[in-house]
1. Cross-link partners among lysines for Lys231, C-alpha distance below 22 Å, same-chain residues fewer than 8 apart left out?
2. How big is the gap, in Å, between the Cα center of region 5-32 and the Cα center of region 82-144?
3. In the chain, once you exclude exposed GluC sites (Glu not before Pro) (DSSP loop, at most 14 other Cβ within 10 angstrom), what's the longest stretch remaining?
4. Give me the Å³ per residue figure for the convex hull around the C-alpha atoms of region 63-139.
5. Output needed: percent of Cα pairs per 5 Å distance bin for region 37-186, bins running from 0 to the one holding the longest distance.
6. Could you pull out the pairs from Lys42/Lys119; Lys47/Lys81; Lys81/Lys233 whose alpha carbons sit more than 28 Å apart here?
7. I want to verify a result. In a Gaussian network model of the chain, Cα cutoff 10 Å, which of these has the top mean-square fluctuation: Leu30, Leu68, Leu102?
8. Under the rule a/c < 1.5 gives rounded, and otherwise a/b versus b/c splits prolate from oblate, where does the chain land using the Cα gyration tensor?
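Laboratory data are not the source of any read-out in this text; all were calculated from the coordinates shown. Predicted model, so just to flag it, every value in this text is computed and none were measured. With ideal geometry, Cβ positions are generated from the backbone for all residues, glycine too; neighbour counts draw on all protein chains shown.
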Amino acid sequence: MVNHWTPIYLKKNQKFEFIDELASGSIPALILKKAFSLKTCKKIIEKILDFNYVSNGPGIEKKIGVSLNSFINQKGTYFEKTRFIEKKLERYFPYNEDPRTLMQNILSTVFSMETRIAKENNSNYSKGVFRFHGTNESFKIHRDSAHYEAVGYQVSKIPLQFSAVLHLQPAEYGGELVIYRKIWKHSDEKYRTPYFGYSEKVVHDIESIKIKPETGDIVIINPIHYHAISKIKGKHYRISTGFFFAPTDEQTLTCWA
Ligand SMILES: O=C(O)CCC(=O)C(=O)O
């Protein structure tokens, strides 16, 4: 029998028994369809495009918000920059308008668990990153694992991690999320490329699926699977926001970026 590897689609208020299928890789993704309305996404984009504190990071030319990946060996700087940016973002998005907070609330409902931001020595981790992928950009094959990469941070003690991405504006063409049916293993490090990501060889002959994001969808994956974003084409940015999360006890999902 062919074992089809396809996402599970849910409505945003639908409950989902936590996440064995994603953890084991028996499904590639969980997609919460239309979790945000078109109108809300448009409002968020207008605000975030007006935000002055833009940076770049591994594999991406334009982003807002702090991600651990950029500060693997600079823990003090990571928390300092997070404090600075999150304060600015709070002014833009009063508490119940920050899409990252709203996403946390949705995850809380779907998985019937509390969500909270990871903390270390009284400092909050980053709540999430807004990403802008411009035309002709792609996002190389990579995998995310704080457990392996972020040694020295408390979140590296969590063995499992999921990624939640809200699609605020899809690319006009392209910009699909490609997920490979392969989990990173240590011996793959020989395929690692300088600065960011892995050579195509790491997924040679590996089954994959493509997810074409639609505005308002939240796509949840287990990012230890290799994944990439195909080339963005057309007039506007592909804009998304997201963070990582993981169960840290029976009732709690801890979030960070
Ligand atoms: O924006 C997406 O579809 C996925 C982003 C991604 O590659 C990641 O979060 O690691």
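1. Partners within reach: Lys62, Lys63, Lys140, Lys182, Lys201, Lys210, Lys212.
2. Spelled out, the Cα-based centre of one part sits 20 Å from the other.
3. 18-171
4. Measuring per residue, one finds 134 Å³ for the Cα hull of region 63-139.
5. Bins of 5 Å from zero give 1, 7, 16, 21, 22, 19, 11, 3, 0 percent of pairs.
6. Violating the 28 Å limit, Cα to Cα: Lys42/Lys119; Lys81/Lys233.
7. Sorting by GNM fluctuation, first place goes to Leu102.
8. Rounded, because the longest to shortest axis ratio a/c is under 1.5.
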